[in-house]
């Protein structure tokens, strides 16, 4: 087969593939809509069970979401690291590590991708150890952080600044925030699919 004939054949096959996709689009969209609706309902149920577990109302939920957004919007100061900045950075790294570890097998199919993610996790853990060591050397810190316990990423480990007072820690608020955002994404996905279905 000549080069031009091969190019023509590929073009014809691509056109047929596109034609089949257009013909089957209604089936594909309806399947996507059903899956998205089921997933949205599952996530709503998960959110409700989380709210019951945390024993919070709708107003508290909105307040926590707002607090997490405000926390994320606050600027990080460069230069000399104060105790509060180190606490924030340690919180950020721990949160990032937990998310990446949770998504490692759920979102990555190939072993190469997982290997790259594991390497990134190792780098983050090294950075976390450095920040904890830096935090432990600050004179004003009354309690030190157990590096190994924190690096194990266990949910049971409580940081010294989280243990102070009876305030709800940021980790719990983030957990709720993530679930609320997931529910909103699912609702947006449903709206998008409905728009696509009406256009087809």
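Here are the numbers for this structure:
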{"read-out": "Condition check for residue 47: surrounded by 10 or more Cβ atoms within 10 Å (Cβ to Cβ), in contact (Cβ under 8 Å) with a residue 24 or more places away in the chain and either over 19 Å from the mean Cα position of the chain (by Cα) or part of a loop (DSSP other than H, G, I, E, B) (or both)", "value": "no"}
{"read-out": "Matching residues, segment 64-88, being assigned to a helix (DSSP H, G or I) and either loosely packed, with under 13 Cβ neighbours inside 10 Å or at pLDDT below 80 (or both)", "value": "66, 69, 70, 71, 72, 73, 83, 84, 85, 86, 87, 88"}
{"read-out": "Among the residues listed as 36, 11, 42, the single one being free of Cβ contacts under 8 Å to residues at least 40 places away in the same chain, in the same structural domain as residue 199 (by TED's automatic domain parsing), part of a helix (DSSP H, G or I) and under 34 Å from the mean Cα position of the chain (by Cα)", "value": "42"}
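The values are calculated or read from the model by the stated rules, or taken from the named source; none is laboratory data. Every value quoted in this text rests on a predicted model; they were computed, and no experiment measured them. Positions of Cβ are backbone-derived with ideal geometry, glycine not excepted, and every protein chain shown enters the neighbour counts.
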